[in-house]
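The values are calculated or read from the model by the stated rules, or taken from the named source; none is laboratory data. Treat the numbers as computed from the prediction; the structure is a model and nothing was measured. Virtual Cβ from ideal backbone geometry, glycine too; neighbours counted across all protein chains shown.
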Amino acid sequence: MKETLLKIRDLTIGHKGKPLCSGICFDICKGDCIMLCGANGSGKTTLLKALTAMSEDIVMIPTGIPKTGGFTLKEFVRIGCYRQTDMGGRLSVQDEKTLDNALHQLGISHIADQDISTLSDGEFQKAGIASALVRKASILLLDEPTAFLDAENRIAVLRTLRELCDGSGTAVIFSTHDLHDGRNAATKVCAIGADGIFRSSEDDMDGVIGSIFRRNETRNRK
């Protein structure tokens, strides 16, 4: 039985005073790779932001960061760990070792000294994931990590997330509209249905995905 990292019970999310979804209940366990799906405006991003406030062990990896030149991949990852640096902006020896291990684990150690402006979108996304690992996050949140990626990089990023969960026990929650590839990478699916009801399942992932298209369905949370 997998270790439970966080229990979410009867959570309500909303935006500007307007409730979007209530009664949200699910567990995040060690090694989970959770796909979060739902229509635009259903509350996926709002839910991810709400989760970040629940534990210091949760890190949300931002998307859409510009690949501004002048930084190597390793420098970019190090900058993302600024809270762990000393007054001189240096990481501890142990954190530097963790950084090197993260780059190796994600398969990007060979481009550690490459300028980030030359990285593919998939490689750059992996750099963001590495930064979260160095910050010792037990739960990683990603909002649309495959948006605007080509098919090859999209599959590579999702495969990396699944391998990370399987290999290190880190839990990942990623929101996506790419239902097919996301479903293949996930161990569990959570969805905010077209009827506004939150559902989660490891056993009936296709049924949960289908709820985002069905408005009239009997309430059924798992």
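Descriptive notes on the structure:
- Residue list for the range 65-106, filter: small (G, A, S), in contact (Cβ under 8 Å) with a residue 40 or more places away in the chain and surrounded by 14 or more Cβ atoms within 10 Å (Cβ to Cβ): G80
- Failed item, numbered, when I129 is tested on (1) in contact with a strand residue (DSSP E or B) (Cβ under 9 Å, 6 or more places away or on another chain); (2) aliphatic (A, V, I, L, M); (3) not in a helix (DSSP H, G or I): (3)
- So D150, is it out of contact with any strand residue (DSSP E or B) (no Cβ under 7 Å at 6 or more places or on another chain) and modelled with pLDDT of 90 or more: no
Okay, residues lined up against (1) over 17 Å from G31 (Cα atoms); (2) among the hydrophobic types (A, V, I, L, M, F, W, C); (3) surrounded by 17 or more Cβ atoms within 10 Å (Cβ to Cβ); (4) free of Cβ contacts under 8 Å to residues at least 40 places away in the same chain:
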| position | (1), (2), (3), (4) |
| --- | --- |
| Q114 | yes, no, no, no |
| A132 | no, yes, yes, no |
| L141 | no, yes, yes, no |
| L149 | yes, yes, yes, yes |
| E152 | yes, no, no, yes |
| I155 | yes, yes, yes, yes |
| E163 | no, no, no, yes |
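- Qualifying residue in the range 156-167 (condition: part of a loop (DSSP other than H, G, I, E, B) and assigned by TED's automatic domain parsing to the domain that holds G31): no
- A Cβ distance below 7 Å, combined with a sequence gap of six or more or placement on separate chains, defines the contacts here; from the range 174-186, residues that are of a type in the set (S, T, Y) reach residues that are surrounded by fewer than 21 Cβ atoms within 10 Å (Cβ to Cβ) and assigned to a strand (DSSP E or B) in the pairs S175/D143.
One line per residue, one yes/no per condition, for (1) under 18 Å from G128 (Cα atoms); (2) touching an Asp or Glu at 6+ places or on another chain (Cβ under 9 Å); (3) outside any strand (DSSP E or B):
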{"position": "K7", "(1), (2), (3)": "no, yes, no"}
{"position": "D10", "(1), (2), (3)": "no, no, no"}
{"position": "C21", "(1), (2), (3)": "no, no, no"}
{"position": "N40", "(1), (2), (3)": "no, no, yes"}
{"position": "I65", "(1), (2), (3)": "yes, no, yes"}
{"position": "T68", "(1), (2), (3)": "yes, no, yes"}
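- Among residues of the range 7-47, those that are within 12 Å of the chain's Cα centre (by Cα) and surrounded by fewer than 21 Cβ atoms within 10 Å (Cβ to Cβ), counted: 1
- Evaluation of Q125 against (1) closer than 24 Å to Y82 by Cα; (2) at pLDDT 90 or above (one fails), failing number: (2)
- Unique match (being on the phi < 0 side of the Ramachandran plot, acidic (D, E) and under 11 Å from the mean Cα position of the chain (by Cα)) among D121, D143: D143
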